[in-house]
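The values are calculated or read from the model by the stated rules, or taken from the named source; none is laboratory data. Keep in mind that this is a model prediction, so the values were computed, not measured. A quick note on method: Cβ atoms are made from the backbone with ideal geometry, for glycine too, and the neighbour counts reach across all protein chains shown. The accessibility values were calculated without ligands, DNA or RNA, using every heavy atom of the protein model including side chains. Shrake-Rupley method; radii C 1.70, N 1.55, O 1.52, S 1.80 Å.
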Amino acid sequence: MITLLDYGAGNVRSVINALESLGERVESVARAEDISSAERLVFPGVGAFGSMMQILDEKSYVEPLRAYLRSGRPFLGICMGLQALFESSEEAPGLEGLGFLAGSVKRFSVDLAVPQIGWNGVSIRQPSRIFNGLRGDEKFYFVHSYHVTPTDDEVVLTTTDYGYSFASSIQKGNVIATQFHPEKSGNAGLRILKNFLETDAKPLRPSQSPTTTKLAKRIVACLDVRSDDQGNLVVTKGDQYDVREEGAVRNLGRPVELARRYYEEGADEITFLNITGFRDFPLEDMPMLEVLRQTSENVFVPLTIGGGIRDYTDKDGREYTALRVAAEYFRSGADKVSIGSDAVLIAEEYVRTGSKTGRSAIEEISRVYGNQAVVISVDPRRVYVESPTGLPHEVIETAIPGPNGERYCWYQCTIKGGREGRDLDAVTLGRVCEELGAGEILLNCIDRDGTNSGFDIELINAVKQAVSIPVIASSGAGCVEHFYQVFSETQAEAALAAGIFHRGEVPIAEVKSYLAGKLEIRS
Ligand code: 1PR
């Protein structure tokens, strides 16, 4: 039996699923005494440092945790569960951490996208039992804006490079903690969890250890999900967002099975978009939550879910907040939620008033679950114009002229799956959403969607230059070369595709083997 410290924020479901997949029985801490009586404790901290420490304090977990750490019993901290071990954090000045290790937590100060999101390697500094069965050159999934700075170098187990080298895991006696997420790091991560559980295993150094590490470009598989005309939940795919063929919804497979297949084929991340979420309220759409639950049982890479994340009043007048919808998605196994239509409305309001309400879905979800958990899904289409001046939009000069030879265009945001164009451009949307607390942009393009004609490089460059958070390029992938093009001609951190994967035209492994040696990827 293993004890899991779940203080009620974020996706601990995936940690439980990963431990259970290794044959462990997991008991969650319900009261402070459960910490004191635990034999092995896993602490997958999530969200922000301040709210984490406040909740631990409110639940009277702080002292039992400190006592547990001193006792020498096995402890595994993950992400915030690592940061909590230190004395303080820049994220919540004045608030004390557990103080088990000397040092503090600092925000990344780098010329790169923050948060760091994705797969990076580790340089091994000392032997440990958690390296059993690993080669040493594996990559693990990171998602964080802050990193620990231990005073005592001897506790550093691995370092990772992101602009500079930082401590990516620590070990002191039986206390091990990783900044990366083993439960989201595929087979290598599961191996780390297994090694943690095998407390008698001998410490060792793997045969390899890179001297420096690099964040990989991510390949994301996207599943657009909706009910077909018979009411079955299917993976569908549009051509420029039109998912019907001869009147019927295209059916490209079952969501849970396809997600599992893409995981096995090496997808670095999987995204589900509930594409009719704008009209069907997700909390009434239980099959989608069930898809997430079932997928997270055996898919150990990050899962994003979008569709219908907004405040909602049901037919009986009951009110639900976007935060509540997101919470249900997180509880069902999502690591990130993606907001589409509502983000456009929120950004419009912000542009109009010039002030934050503090209560928008973006602000509320990022405050509770952290910026990294909030993705903005943008559905723009090109609007050609004669001249770059006189418009309240970010206009770009384009190498692909419009139907009347126009050399300029702007990217109009749409809502409701492209059905309604708004008076807001995608560049402004990205910039505003970052300011409100979004952690990542999923940048679709209606003109390219399903066309196999390649990503819209001009769109991606325009948005990427306006934000400092990661951008996932989406729409139009037709061959392996398109992935190389998007990564070499833009600074996008990830590229997403749907149709070519669903139709089996270009398997994920083929994309990866084409990119290997040309770019940093996770093999
Ligand atoms: O507005 O918050 O309820 O979220 C709805 C979500 O559903 C949004 O993220 C929106 O992008 C998505 N969506 C709505 N309608 C459609 C549709 O296709 N009719 N799908 C839709 C968006 C675009 C991509 C697609 C890529 C790659 N799909 O996700 O997977 O374009 O495709 P490709 O590689 O085949 O070119 P809300």
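Structural remarks
- Largest accessible area first, the listed residues E39, E510, E364 line up as E39, E510, E364 when surface is computed with a 1.4 Å probe on the assembled protein chains.
- Kirkwood-type radius of the range 198-260, with distances r between different C-alpha atoms, in Å: 15.9 Å
- Solvent-accessible area of E257 with every protein chain in place, 1.4 Å probe, in Å² to the nearest 10: 120 Å²
- HN-Hα J in Hz across the range 179-186 - Karplus 6.51, -1.76, 1.60, θ = phi - 60°, x for Gly and Pro: 6, 7, 9, x, 5, 10, 10, x
- Taking all protein chains together and a 1.4 Å probe, the residues T428, T295 rank T428, T295 from largest to smallest accessible area.
- Of all accessible heavy-atom area on the range 70-166, the percent that carbon and sulfur account for (1.4 Å): 46 percent
- The chain: calculated mean residue ellipticity at 222 nm from DSSP helix runs of at least 4, using -39500 (n - 2.57): -8000 deg cm²/dmol
- With DNA, RNA and ligands ignored, accessible area of R107 (1.4 Å probe; Å², nearest 10): 100 Å²
- Cα-based Kirkwood hydrodynamic radius, the range 88-133, one decimal, Å: 14.0 Å
- In order along the range 335-348, the phi-based Karplus estimate (6.51 cos²θ - 1.76 cosθ + 1.60, θ = phi - 60°) of 3J(HN,Hα) comes to 9, 9, 10, 10, 10, x, 3, 5, 4, 5, 5, 5, 5, 4 Hz; Gly and Pro are listed as x.
- Per residue, the chain exposes an accessible area of 39 Å² to a 1.4 Å probe, with every protein chain left in place.
- Whole-number D in µm²/s for the range 342-490 (Stokes-Einstein; Kirkwood sum over Cα pairs; 20 °C, 1.002 mPa s): 136 µm²/s
- The heavy atoms of D137 offer some 70 square angstrom of accessible surface to a 1.4 angstrom probe.
- If the convex hull is drawn through the Cα atoms of the range 268-366, its volume per residue in Å³: 103 Å³
- Atom-type composition of the exposed protein surface of the range 365-523 places 46 percent of the accessible area on carbon and sulfur (1.4 angstrom probe).
- Hydrodynamic radius (Kirkwood) for the chain, which is based on Cα pairs only, to one decimal in Å: 23.5 Å
- Crossing angle, helix 322-331 versus the chain [Cα axis fit, 0-90 degrees, rounded to tens]: 50 degrees
- The range 120-249, Cα convex hull volume normalised per residue, Å³: 160 Å³
- Fraction of alpha-carbon pairs over 18 Å apart in the range 214-328 - percent: 53 percent
- Shape of the range 45-86, Cα gyration tensor, a/c cut at 1.5: oblate
- Carbon/sulfur fraction of accessible area - the range 199-244, other protein chains in place, 1.4 Å, %: 44 percent
- Y484, Y262, reordered so the largest accessible area comes first (probe 1.4 Å): Y484, Y262
- Hull-based mean projected area of the range 274-329, where the convex hull spans the alpha carbons, in square nanometres: 3.9 nm²
- Per residue, the average separation of C-alpha pairs within less than 8 Å and at least 6 apart gives the range 390-513 a relative contact order of 18 percent.
- Beta bridges by DSSP in the chain, antiparallel share as percent, to the nearest 5: 50 percent
- Expressed in Å, the radius of gyration and Dmax of the Cα atoms of the range 1-106 are 13.0, 41.
- Charge tally in the Cβ shell below 11 Å around Q171, where Lys, Arg are +1 and Asp, Glu are -1, Q171 excluded: +2
- The smallest convex shape that holds all Cα atoms of the range 68-189, its convex hull, gives 100 Å³ per residue.
- The aspartates and glutamates whose alpha-carbon is closer than 13 Å to the alpha-carbon of K59, local same-chain residues fewer than 8 away aside, are D6, E33, D34.
- In Hz, Karplus ³J(HN,Hα) per residue of the range 381-390 (6.51, -1.76, 1.60; θ = phi - 60°; x = Gly, Pro): 9, 6, 10, 7, 9, 6, 9, x, 9, x
- Counting only residues at least eight positions apart within a chain, or on another chain, the lysines with an alpha carbon under 30 Å from that of K202 are K139, K172, K184, K194, K214.
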